[in-house]
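Just below is one structure, and these are the notes that go with it.
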Amino acid sequence: MLVIGLTGGIASGKSFVSRKLRELGAVVIDADQVAREVVQPGKPAWASIIREFGRTVLNPDGSLDRKKLGRLVFSDQEKLKKLNEITHPYIIREIKRLLENCYRSGEHKIVVLDIPLLFEVGLDELVDEVWVVYVDAATQVERLMERDGLSEEEALQRISSQMPLEEKARRAHRVIDNRGTPEETVRQIMEIWNEVIAVSKDY
């Protein structure tokens, strides 16, 4: 089994690449989905977040208001650090559990760990290859502002909370340049996919 760590920066287009890999037959373990699950009402991480930030970050149904919490923590590095300290252990534990299940099943050729903070939390140690979805800084800011309706200042705050994409690209085994059209990105994905399929039998 070949394990690929897929990462990038916020608004770099990583989700687009992840969806394409899933369509091609990879098993995708999505850290964002895991992160949403571990903060469901009643879960330990949810309770810790309420103790730390108060009930003002909740929706009327008791679920987390992710936009409100995001605005709170991305404007204050200490708050962001605290949120990460609460949630990351649960997220990492669940990702490792899901990956172990893949190993045990023996049914999968290629597993993709789709993790925005792959390097930041040290989960690159779990993978055979790291793929980074890359865009330049100006494109990243523009896409984030458009996607999430953020001001330029808010977009820069969120981008600065992650390792710079240039650094991630330097550490990667493979880089997918997502500055062009979707068709150009898909062409890169297909080239890399065909290469790894050829070698995945060695894993």
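Things to note:
- Test: residue in region 123-137 that is free of Cβ contacts under 8 Å to residues at least 24 places away in the same chain, within 17 Å of the chain's Cα centre (by Cα) and either exposed (fewer than 15 other Cβ atoms within 10 Å of the Cβ) or not in a helix (DSSP H, G or I) (or both): yes
- Each residue in region 150-161 was checked for being in contact (Cβ under 8 Å) with a residue 60 or more places away in the chain and surrounded by fewer than 19 Cβ atoms within 10 Å (Cβ to Cβ), and 2 pass.
Rundown of residues vs (1) modelled with pLDDT under 95; (2) surrounded by fewer than 13 Cβ atoms within 10 Å (Cβ to Cβ), yes/no style:
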{"site": "TRP46", "(1), (2)": "no, no"}
{"site": "LYS67", "(1), (2)": "yes, yes"}
{"site": "LEU72", "(1), (2)": "yes, no"}
{"site": "LEU83", "(1), (2)": "no, no"}
{"site": "THR87", "(1), (2)": "no, no"}
{"site": "ARG93", "(1), (2)": "no, yes"}
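- Among the residues of region 16-31, those that are more than 12 Å from LEU126 (Cβ to Cβ) and either at pLDDT below 95 or not in a helix (DSSP H, G or I) (or both) comprise GLY25, ALA26, VAL27, VAL28, ASP30.
- Residues within region 178-187 that are more than 20 Å from the chain's Cα centre (by Cα), surrounded by 11 or more Cβ atoms within 10 Å (Cβ to Cβ) and within 12 Å of LYS20 (Cα to Cα), tallied: 1
The values are calculated or read from the model by the stated rules, or taken from the named source; none is laboratory data. None of these values were measured; they are calculated from a predicted model. Every residue, glycine as well, gets a Cβ built from its backbone with ideal geometry; the counts of neighbours run over all protein chains shown.
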